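The block underneath contains the structure these notes are about, expressed in structure tokens.
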Amino acid sequence: MNEIEEKIKTLRDELEQHNYNYYVLSNSAISDYDFDIKLKELQALEEAHPEFADPASPTQRVGSDISREFVQIEHKYPMLSLGNTYSEEEVRDFYDRTMRSLHEPFEIVCELKFDGTSISLLYEHGRLVRAITRGDGTRGDDVTANVKTIRSIPLKLRGSGYPDEFEIRGEILLPWAEFDRLNKEREEQEEPLFANPRNAASGTLKQQNPAIVASRKLDAYFYYLLGENLPAQNHYDNLDYARSWGFKAPDVMRKCHNLEEIFDYLSYWNVERKNLPVATDGVVLKVNSLLQQKNLGFTAKSPRWAIAYKFRAEQAATRLNSVSFQVGRTGAVTPVANLEPVLLSGTTVKRASLHNADIIEGLDLYTGDTVYVEKGGEIIPKIVGVDKDARSMMMGDKVSFIKKCPECGTPLIRPQGEAAHYCPNESGCPPQIKGRIEHFVTRRAMDINIGPETVEDLYEAGYIRDSADLYLLTVADLLRLERWAEKSARNLMDSLEQSKTVPFERVLYALGIRYAGETVAKRLAFAFQNIANLKQATLETLTDVDEIGGRIAQSILDYFSNEKNQAITARLEEYGLQMSMNKTILANRSEKLKDLTIVISGTFLKHSRDEYKAMIEQHGGKNSGSVSGKTDYILAGENMGPAKLEKAAKLGVKIINEEEFLNMLSE
Ligand code: IVH
């Protein structure tokens, strides 16, 4: 076994053990974050070495949408998927096959294929009792609390004639308008954007806080009724009934009696779907009669009585003018294709992502090539192919991944098992320097009132080379730059002055040490109390701190052993930033919650969640995101998720309210 194979095997065994601990024993020995890091590491290795693929690898579970936080429930009827096709030929085959199998007249119902995340709802006596995601098709997550926030889903049915017990299946969707609004908001808050409404919908449904789900205006369309005593013997009428009970069932269904009618429907909706408020990616064709459906039956994976015809993502052919390479704040290098502008799905496309060296190699690109670009519901268009027949004598060079950083000339590295290339020149590469300063000034770090453009201007003018340089700026410096006036310059001075009161844990976070996010920074600040102690820390004293593993500890050691970083932190201290824990916080520190793990759930009246989190840490407790066998208490506010409640009950975890928690601290 070679080294990589060995590494893959170790990771697989380790992750499977963690899965077993978590799902079977309800006793997780690893944080979700560390679990995800390991899983990503394995994914990267498997991607780079497909020869070691294994269908039983823990990465294969990721295809299901089961999350670690929800209670899993078995589906009464498995949630199957549909056979997919992009070709009219195969639609014809489906039709002919159906005709041959049935030997009698039949109707095909055409309806739209909604592009969201599927959901199964159980109704008993006219009330919604449970909502389960698809999961792996056999078991899914209980997301009832979240689904209840979707206003278009009836909690109590209208009308009459519904069976005592039935399931209805449909698609949860984030309408385009809401998707745009959400991404704009995320951009402002420097959070990663959702690639498409489908990801946004499933991401939202997996939120642990139903209040957040409620704030995003999800919608749901229903297309499949299941149960013993359905009102009609055909699909079309059943959906009509469902509509009368208050469900949003697509009203653009059509009963077709021949292939011509089917193809009419396909071509009409291929164009018209762009005017719908939600994303669709095809048409579903279903045999209407339930008896005929039963006779046709199922294959192992999908029904024989239905098929999905998928719309092809719109493509355009254009010229590849050049490829440029962008260096991000972490040093990762991204190749970008610069294209001859072309109109695609209503917008002009000039650039497309090329992802990484392997993708470029796979496409076998030359500058001057005619390439096909596609925008499949994603924001960033991608190059999906090359028209090799269009090549001429006038072609440019073969596109290959650069060897040196385009910004600073340092030879690039590609860490083993990773698809990305990095520039290792952390302290001398401009975009990395600017990126670190941009992070330093963000709201949750030092909260200094400038944005990326100002950082860029100050850098270009030669005023700043690291975050400490910000504190040497003068009003006179700023007035020498374009767009600065006395007032804005004074505002920045005030903001810099104000930042000197920002507490130590946020200063630590602002330094941008790799893997030291907000939580890690807080833990380190409490454990070491000041920067001098932290600089003296060893691998052992660091890993002694709760939740600090070897990887984080090593990163801290690396940071402080770098002379440039030592100089920056020394200067920041000299300029008056908080380099030790606030005395009153320290004085109020206690060990009242020592060794207790507390999960916060719901919304509160007296303090914010962040404040409760801080209190738990201040008193020696540990705040954790998910309920497990290790949880001692759940601090529960309003609207605590029923999934958490159920899990808490199962594990016998004690639930306390705000009053009780505050009493524990004042005792
Ligand atoms: S019928 C047994 N109808 O597409 C067949 N599915 O791969 C049940 N979908 O998981 C599915 N729109 O999430 C059906 N009008 C529609 C649909 C639809 C979207 C999704 C659904 C399913 C997937 C099929």
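Details
- L259 vs. criteria touching a strand residue (DSSP E or B) at 6+ places or on another chain (Cβ under 6 Å) and in contact (Cβ under 8 Å) with a residue 24 or more places away in the chain: no
- Inter-residue pairs, beta-carbon under 7 Å, first over 12 Å from V147 (Cβ atoms) and in segment 204-216, second open to solvent by 30 Å² or more (accessible area, probe 1.4 Å) and modelled with pLDDT of 75 or more, 6+ apart: A211/T603; A211/N639
- For first residues located in segment 294-306 and more than 12 Å from S81 (Cα to Cα), partners that are in a loop (DSSP other than H, G, I, E, B) and near the ligand (Cβ under 9 Å from one of its atoms) and lie 6+ apart or on another chain with Cβ distances below 8 Å form the pairs L296/W305; G297/W305.
- Among the criteria (1) more than 30 Å from A649 (Cα to Cα); (2) modelled with pLDDT of 90 or more; (3) more than 16 Å from the ligand (Cβ to nearest atom), the one Q60 does not fulfil is (2).
- Complete set of residues in segment 508-543 that are without any contact (Cβ under 8 Å) to a residue 24 or more places away in the chain and not hydrophobic (A, V, I, L, M, F, W, C): G517, N533, Q536, T538, E540, T541, T543
- Residues being within 13 Å of the ligand (Cβ to nearest atom) and not in a strand (DSSP E or B) - total across segment 301-319: 5
- Close pairs (8 angstrom Cβ cut-off, 6 or more residues apart or separate chains): farther than 20 Å from K606 by Cβ in segment 634-655, of a type in the set (V, I, T) and in a helix (DSSP H, G or I) anywhere: P642/T144; A643/T144
- Only one of the numbered conditions (1) touching a helix residue (DSSP H, G or I) at 6+ places or on another chain (Cβ under 8 Å); (2) closer than 20 Å to Q208 by Cβ; (3) surrounded by 20 or more Cβ atoms within 10 Å (Cβ to Cβ) is not met by Q578, and that is (2).
- Residue, surrounded by the most Cβ atoms within 10 Å (Cβ to Cβ), within segment 119-143, restricted to residues that are among the basic types (K, R) and either within 12 Å of the ligand (Cβ to nearest atom) or within 10 Å of I73 (Cβ to Cβ) (or both): R134
- Top-ranked residue in segment 345-373 [being of a type in the set (G, A, S) and closer than 21 Å to V327 by Cβ; ranked as nearest to the chain's Cα centre (by Cα)]: S353
- Sub-6 Å Cβ pairs linking a first residue in segment 229-253 that is among the hydrophobic types (A, V, I, L, M, F, W, C) to a second residue that is more than 12 Å from the ligand (Cβ to nearest atom) and not in a helix (DSSP H, G or I), at least 6 apart or interchain, are W245/L157; W245/R158; W245/G159; W245/Y162, ordered by first then second residue.
- Flag for N565 being in contact with a strand residue (DSSP E or B) (Cβ under 7 Å, 6 or more places away or on another chain) and either open to solvent by 50 Å² or more (accessible area, probe 1.4 Å) or under 22 Å from R444 (Cβ atoms) (or both): no
- Any hit, segment 244-261, residues being modelled with pLDDT of 90 or more, part of a helix (DSSP H, G or I), more than 12 Å from the ligand (Cβ to nearest atom) and closer than 23 Å to P78 by Cα: no
- Scanning segment 568-599 for residues that are at pLDDT below 95 and part of a helix (DSSP H, G or I) yields K583, T584, I585, L586, A587.
- Selection from segment 205-239 of residues that are of a type outside the set (D, E), at pLDDT 90 or above and part of a helix (DSSP H, G or I): L205, H235, Y236, N238, L239
- Leading residue by the ranking (nearest to D180 (Cα to Cα)) among those in segment 273-300 that are away from the ligand (no atom under 11 Å from the Cβ) and open to solvent by 70 Å² or more (accessible area, probe 1.4 Å): P277
- Within segment 459-477, tally of residues that are among the aliphatic types (A, V, I, L, M), part of a helix (DSSP H, G or I) and either open to solvent by 40 Å² or more (accessible area, probe 1.4 Å) or at pLDDT below 95 (or both): 2
- Filter result for E482 (modelled with pLDDT of 95 or more and open to solvent by 80 Å² or more (accessible area, probe 1.4 Å)): no
- Of E638, E617, all but one fail to be under 24 Å from A211 (Cβ atoms), loosely packed, with under 14 Cβ neighbours inside 10 Å and in contact with a strand residue (DSSP E or B) (Cβ under 7 Å, 6 or more places away or on another chain); the exception is E638.
- Residues of segment 357-409 satisfying the condition of being charged (D, E, K, R), closer than 26 Å to R312 by Cβ and exposed (fewer than 12 other Cβ atoms within 10 Å of the Cβ): D364, D387, K388, D389
- Annotation: P78 fulfils all but one of (1) within 16 Å of the ligand (Cβ to nearest atom); (2) open to solvent by less than 60 Å² (accessible area, probe 1.4 Å); the unmet one is (2).
- Members of segment 164-179 found to be open to solvent by 10 Å² or more (accessible area, probe 1.4 Å) and either part of a loop (DSSP other than H, G, I, E, B) or modelled with pLDDT under 90 (or both), listed by number: D164, P175
- Residue count for segment 81-118, restricted to those that are closer than 23 Å to D237 by Cα, within 9 Å of the ligand (Cβ to nearest atom), of a type outside the set (A, V, I, L, M) and touching a residue at least 60 places away in the same chain (Cβ under 8 Å): 4.
- Filter pass, L193 being open to solvent by 70 Å² or more (accessible area, probe 1.4 Å) and outside any helix (DSSP H, G or I): yes
- Odd one out for R444 among (1) in a loop (DSSP other than H, G, I, E, B); (2) in contact with a strand residue (DSSP E or B) (Cβ under 6 Å, 6 or more places away or on another chain): (2)
The values are calculated or read from the model by the stated rules, or taken from the named source; none is laboratory data. Keep in mind that what you see is a predicted model, and the values were worked out from it rather than measured. Neighbour counts run over all protein chains shown; Cβ positions are idealised from the backbone, glycine included. Accessible surface is based on the protein model in full, side chains and every heavy atom, while ligands, DNA and RNA are left aside. Shrake-Rupley method; radii C 1.70, N 1.55, O 1.52, S 1.80 Å.
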